[in-house]
1. Please tell me the relative contact order of the chain in percent, rounded to the nearest whole number, where contacts are Cα pairs under 8 Å and at least six residues apart.
2. Restricting attention to the chain, give the cysteines that have no other cysteine Cβ less than 4.7 angstrom from their Cβ.
3. Alpha carbon centre of the range 316-374 versus the range 455-493: separation in Å?
4. Under a plain spin-label model, where a point goes 7 Å from the Cα along Cα-to-Cβ, how far apart in nm are R239 and F367?
5. Note down the nm distance, to one decimal, between modelled labels 7 Å out along Cα→Cβ at A446 and at K179.
6. Leaving out ligands, DNA and RNA, what percent of the accessible area of the chain is carbon and sulfur, probe 1.4 Å?
7. Mind checking the alpha-carbon convex hull of the range 155-313 and giving the volume per residue in Å³?
8. Kindly identify the range 393-448 as rounded, prolate or oblate by the Cα gyration tensor criterion: order the square roots of the eigenvalues as a ≥ b ≥ c, call it rounded if a/c is under 1.5, otherwise compare a/b with b/c, prolate if a/b is larger, else oblate.
Amino acid sequence: MNPDQSVAPEFPADFVRKYGLVPIVKSDESLTCAGSKSPGPEVLEELEFILQKPVEIELWSEAQIRQRIELVYGLDFVQSTRSSPSNPVDEKSPNPRSVSLGTNGHAKRRSVVGLIDSMFEEALQQRASDIHLEPQEHSIRLRYRIDGKLVERDRIESAMAAPLVSRLKIMADLDIAEKRRPQDGHIQLSSESRPVDVRVSTLATRHGEKVVMRLLERNNQGWSLDSLGLETELNTVLRRSLKLANGMVLVTGPTGCGKTTTLYAALNYLNSDAVNITTIEDPIEYHLDGVNQTMVNAEIGLTFAEILRTLLRQDPDICMVGEIRDRETAEIAVRAALTGHLVLSTLHTNDAISTVIRLIDMGIEPFLVTSSLKLVIAQRLVRCICQSCRVADELGTELSKGYDLPEWLRSRTMYVGKGCPRCNGTGYSGRRAIMEYVEIDEDLAAAVVSGVSLGGLRDAIRKRGNPSLWDAGLRIVAAGETSLSEVIAIASV
């Protein structure tokens, strides 16, 4: 039977690659495909929903399938295919799928493929960091996280829920038959503007599976310390700490505050042929040339502590630990910092000086903390005022009455965004970091070892004149970069 070449543009290439299915003949009523074995009912249901017609399967030999795929799609497609009927996809493979946006002939139709295509394109245009698909009782809620805030974009009919989730699972190499257990996967998007990695996470909820996708731009790897917008004094202190032969530099703050970006900028600053840099991440978000990156895998016992223990036998100069979560990891990181290695890591604390107490609470002796820890940076991300609709903040003066603002700020004009098409009516466009830091010197180390309380340590830092997160936020309010209300929400004291 000669294959119908006109079917190829409409037939999802994912089904060819993953399930070894190839279209043969189409009619107005149905489509006939060839496969070496019958796909599961979930696969068939998804394919029928995408094509909007019944699908019949003919069983062919694996050799015939490969020949037909080559005939219909070409030799290049066969060679680039990650799986074939004789080499099925490992559904637990960490390698992401590659998907091109806007190339399907039926993408403009109200279909699952078209919906996902337009969803990714719109999210990229809106500079979204995450896409949330949340099943509700009568619909699916689509939300984007833009500049740190979730914004509802659409309500999708409930009938699309199962096919939509199944399609995303196929793209991310997940098990579409497993609907109870959480799953994690990856997709590689190739849009006209830039390549993007997508981290996919599924979770069973009351009304169905929720899908959250983190968008990570692969060409956003030009991080540098200069791009962080550091104040002059912190820039000097950080560069001095990074030049140390040993010690620990920690970046702290809540999830999503830009800690990874700061660490990657530091690694780029340190990266050279003269040093051995290795990272331990969960997961690896971006790939850095010249840096050895490893990933945590709890299923096989590869925890932060276990990999770090092995890493110290790999002759490292610089180690980056994605996060210090427990006493064991903290102990090994401190030991590494005391034995000739520079260790970079993150911790979840509210401010910089609290990090010292947190390490002690984890069981690390105070003298070991002060001997190993060189610098702590605490940071937050604040939204920047949209420069296209920036106006004087008439309510700022009234709002400031409840806060102890310095006189130099009260005499300045504060600004706010009134909302425009460019910022989708939010008044904000983009984000930037505000930071505070604590450098561990002899006086502070002595206070920690002597058992001074957290309140006492904070008083000592204030007497030094170190700017706090609040101070850093007020400075960019004065510069007209953000609003007073944004700083109050993020870093008020």
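1. Values: 877 pairs, mean separation 48.3, N = 493.
Dividing the mean separation by the residue count of the chain yields 10 percent.
2. C33, C257, C319, C384
3. Taking the Cα centre of the range 455-493 as reference, the centre of the range 316-374 is 25 Å away.
4. 3.6
5. Placing both labels 7 Å beyond Cα along the Cβ direction yields 6.8 nm.
6. Values: 10990 of 23490 Å².
Of all accessible area on the chain, carbon and sulfur atoms account for 47 percent.
7. Working: hull volume 28.3 nm³, N = 159.
In the range 155-313, the Cα hull volume divided by residue count equals 178 Å³.
8. Working: a/c = 4.20, a/b = 1.81, b/c = 2.33.
It is oblate, given that a/c is not under 1.5 and a/b is not larger than b/c.
The values are calculated or read from the model by the stated rules, or taken from the named source; none is laboratory data. Bear in mind that the values here come from a model prediction, so they are computed numbers and not experimental data. For neighbour counting, all protein chains shown are included, and Cβ atoms are generated from backbone atoms with ideal geometry for every residue, glycine included. Surface accessibility is based on the protein's heavy atoms, side chains included, excluding ligands, DNA and RNA. Shrake-Rupley method; radii C 1.70, N 1.55, O 1.52, S 1.80 Å.
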